[in-house]
Amino acid sequence: MYCDYIQTDIGYWIMKSDENKLLSIGYETKKPDFKPQKNEITQKTHQKLEKYFGGEAVIFDIPLQTENYSPFYQSVWNEVIKIPYGRTSSYSHISHTLNNPKAVRAVGTANGKNPFPIIIPCHRVIGSSGQLTGYAFGIEVKEWLLQLEGYLPKVMKLF
């Protein structure tokens, strides 16, 4: 297994891959205590994430290991990945797009199990009312990412 991380203003994003595909992206507030072991996939992911966190809309053309997940999860992620940079969609809209309007909670579950945040931009999925709901790494991180992309105005905090 190969791993690397990138430091951002909000924390550390940890990439793991095998020889052929990206396995996951994780998030921590504290610096990881491992020595990066990089390969072509982690290096490319690192470069793309640097651009993303620099405020660029990035096309992530990185092979992802999704085969171990259910077809439903994959179908949700295939819809989530279509949400453009700086835009949002709702759980309800995605369930309707999948011709399964009663699957709103299941869409939320699949979104929460997404092993590739940023690349599959689960932070862009919000409640039908426009409210920020659920994010594996906390609403503050979701809000920060949406501010980075310009969907939400940046709010200066004094303390």
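Taking every eigenvalue of the Cα gyration tensor of the chain, multiplying by 5 and rooting it, what semi-axes result, largest first, whole Å?
Its equivalent ellipsoid spans semi-axes of 25, 21, 13 Å.
Counting only C-alpha contacts under 8 Å and six or more residues apart, can you give the relative contact order of segment 71-148 as a whole percent?
Details: 86 pairs, mean separation 25.0, N = 78.
Computed over segment 71-148, the figure is 32 percent.
Taking Asn78, Asn114, Asn99 as the candidate residues, the one with maximal mean-square fluctuation in a Gaussian network model of the chain, Cα springs under 10 Å, is Asn99.
Filter Lys44/Lys102; Lys48/Lys102; Lys16/Lys82; Lys38/Lys102; Lys21/Lys82; Lys113/Lys154 down to the pairs with a C-alpha to C-alpha distance above 32 Å, please. Intermediate results must be reported in sequence, preceding the final value.
Working: Lys44/Lys102 38 Å; Lys48/Lys102 36 Å; Lys16/Lys82 23 Å; Lys38/Lys102 42 Å; Lys21/Lys82 20 Å; Lys113/Lys154 27 Å.
Where the Cα-Cα span goes over 32 Å, the pairs concerned are Lys44/Lys102; Lys48/Lys102; Lys38/Lys102.
Between Gln7 and Gln131, take the C-beta separation as r, use R0 = 35 Å, and let me know the FRET efficiency to the nearest 0.05. List each step's numbers first, then the result.
Values: r = 30 Å, r/R0 = 0.85.
After rounding, the FRET efficiency stands at 0.70.
Computed from backbone phi with θ = phi - 60° and the Karplus coefficients 6.51, -1.76 and 1.60, the 3J(HN,Hα) list for segment 11-25 is x, 10, 10, 10, 9, 10, 9, 9, 5, 10, 9, 6, 9, 5, 10 Hz; x is used for glycine and proline. If only the Cβ of Lys and Arg carry +1 and only the Cβ of Asp and Glu carry -1, the dipole of segment 2-53 around its Cα centre is close to 40 debye.
Taken together, the values in this text are just the output of simple stated rules run on the coordinates, not laboratory data. Predicted model only: the values in this text are computed from it and were never measured. As a convention, Cβ positions derive from the backbone with ideal geometry for all residues, glycine included, and neighbour counts pool all protein chains shown.
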